[in-house]
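The values are calculated or read from the model by the stated rules, or taken from the named source; none is laboratory data. The structure displayed is predicted, hence computed values, not measured ones. Cβ sites come from the backbone with ideal geometry, for glycine too, and all protein chains shown count toward neighbours.
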Amino acid sequence: MISEIVNKSMSSSSSQQHQFRYTQTPSKVLHLRNLPWECTDDELVHLCNPFGNIVNTKCNVGANRNQAFVEFADLNQAISMVSYYASSSDPAQVRGKTVYIQYSNRHEIVNNKSPGDIPGNVLLVTIEGVEAGDVSIDVIHLVFSAFGFVHKIATFEKTAGFQALIQYTDSDTAASARNALDGRSIPRYLLPEHVGSCHLRISYSAHRDLNIKFQSNRSRDYTNPMLPVNHTAIDGALQPVIGPDGKKKEPESNVLLASIENMQYAVTVDVLHTVFSSFGTVQKIAIFEKNGQTQALIQYPDVTTAAAAREALEGHCIYDGGYCKLHLTYSRHTDLNVKAFSDKSRDYTLPDLSLLATQVPPTGWQNPQSTPMYPVSSPAFQAQVPGGQMPSWDPNQQAFRPSYVPTPDNFPGQTYRGPPIPAYASAAMPAGASSPHAQRNPNVHNASSMGITQHGVPPNVNFQPSGPSPPVPGSSPHMQTNPMAGAAPQGHRPYYG
DNA sequence: AGCACA
């Protein structure tokens, strides 16, 4: 007995713990633990209200969501509750669980509720890591119907990403869906193959009743089957097409979505422009991060060009050695809204005054099949694109780039490990000739010797558009013909697991 | 059963 006490006092030698255990100064904020994880604010209020006015609560706190804080208007009210249960024979309970109450070590509940935490019958769901086209409204409906009747769904795209408003009958249903799905992932088999993980972030919407005008591919009202159908939205070019194999195919688009795997090297707007310009005029480029993976949207003037680029580049690596492997799909977008000139985006369609003075008139891409799809010699690859194609903005023409100052530091030293040889002429370069080790000498930074002062072309651009000739197997050690081939088995993860 | 969160 005595030794126990001694041990305890010794083990709790830290002043923190000591204070915790013995000198809890009263606070009008109470800390409640051992709550059921389903505990609601209402239940907290119900429990604490008899002792005073509750001005704030914070529920479902902690890793197990089994703690809470309650703030009384007055310190004496908190004291009365603590002392009541300190001497009471029957303990405080929520849903039959004994709740342990003590003074919090803080004196107010701060930031109790962001708007999204105020319960309601409408959920705001952010689907991370996907584009709007990746998750159909039917999939969303399926997933969220598991918790109750879904009245309405409206989807939209915001800066936060692809979002959906899900309307349930009541906030209890909404809460159960939120509790079950927040942070979880939509099962892989319900998603297109190129989608990696896609986590749901769920908060409450302030909406009570969504105003759905049409049944369309972006909104549904399941309570009103008579609602007019927006056929253009449903049947339009954006509607997924079922391929001959019965699998969903994304509709073609003039905008490609590139997911870049194995991003060993920075992939800049310039690099992408270089790569994708081999197939036609690149109008706009936007680079962004989705779930830690770099993606880019590349806009061509027409679907045909985009299709040619996709066909040729799919599965290929920008850099030798399996680095920066491209996975291309069609985007839902048809016209990107990008900053004209930033490090993550470019709009090549805008007139550049400094360019117009000296610019060669742009010539449209004529026949991608009849000419080599990529320049044959590396240094001035940009200028040598056959067909007279001249982008309205040429990264190699420094004189025409008033606001663009190359910053070599953009390449972290440890990744910029070699001469920026845009070995774009894969045909002229035997597979394996460019061994990664030979090329990535950390001491070689002879960018300018290549005639390419633009920093955006990292080492050894050993790009191998297939075009007329098939890809060379084994040219990149890590290259898989089908990038998804190895991923399929583990793609099936347990439902919401 | 043991202190949140931007």
**OP:** Looking only at the range A:147-169, decide whether some residue is in a helix (DSSP H, G or I) and at pLDDT 95 or above.
**Re:** yes
Original post:
What number goes with the only condition from (1) on the phi > 0 side of the Ramachandran plot; (2) free of Cβ contacts under 8 Å to residues at least 12 places away in the same chain; (3) not polar (S, T, N, Q) that A:G280 does not pass?
Top reply: (2)
**OP:** Check whether at least one residue in the range A:40-48 is at pLDDT below 95, β-branched (V, I, T), away from DNA strand B (no atom under 11 Å from the Cβ) and under 37 Å from the mean Cα position of the chain (by Cα), and report yes or no.
**Re:** yes
Original post:
If you go through the range A:223-233 one residue at a time, do you hit one that is modelled with pLDDT of 95 or more and either touching a Cys at 6+ places or on another chain (Cβ under 8 Å) or surrounded by fewer than 18 Cβ atoms within 10 Å (Cβ to Cβ) (or both)?
Top reply: yes
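Scan the range A:66-90 residue by residue and report those that are within 15 Å of DNA strand B (Cβ to nearest atom), touching a residue at least 24 places away in the same chain (Cβ under 8 Å) and of a type in the set (F, W, Y). Show your work before the answer.
Taking the range A:66-90 first, the residues within 15 Å of DNA strand B (Cβ to nearest atom) are A:66-72, A:75, A:78-79, A:81-82, A:85-86, A:88.
Filter once more, so that each one left must be touching a residue at least 24 places away in the same chain (Cβ under 8 Å): A:66-72, A:75, A:78-79, A:81-82.
A:F69, A:F72, listed by residue number.
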**OP:** Give the residues of the range A:279-306 that are within 14 Å of the chain's Cα centre (by Cα) and among the acidic types (D, E), sorted by residue number.
**Re:** A:E289
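Report whether or not A:A63 is among the small types (G, A, S), under 25 Å from the mean Cα position of the chain (by Cα), at pLDDT below 95 and within 9 Å of DNA strand B (Cβ to nearest atom). Steps first, please.
Working: among the small types (G, A, S): yes; under 25 Å from the mean Cα position of the chain (by Cα): yes; at pLDDT below 95: yes; within 9 Å of DNA strand B (Cβ to nearest atom): yes.
Judged against the criteria, A:A63 is a match.
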Original post:
Take the residues of the range A:91-135 that are away from DNA strand B (no atom under 16 Å from the Cβ) and of a type in the set (G, A, S): which is farthest from A:F72 (Cα to Cα)?
Top reply: A:G133
Original post:
For the range A:146-177, how many residues meet the condition of being surrounded by 14 or more Cβ atoms within 10 Å (Cβ to Cβ) and farther than 12 Å from A:T126 by Cβ?
Top reply: 16
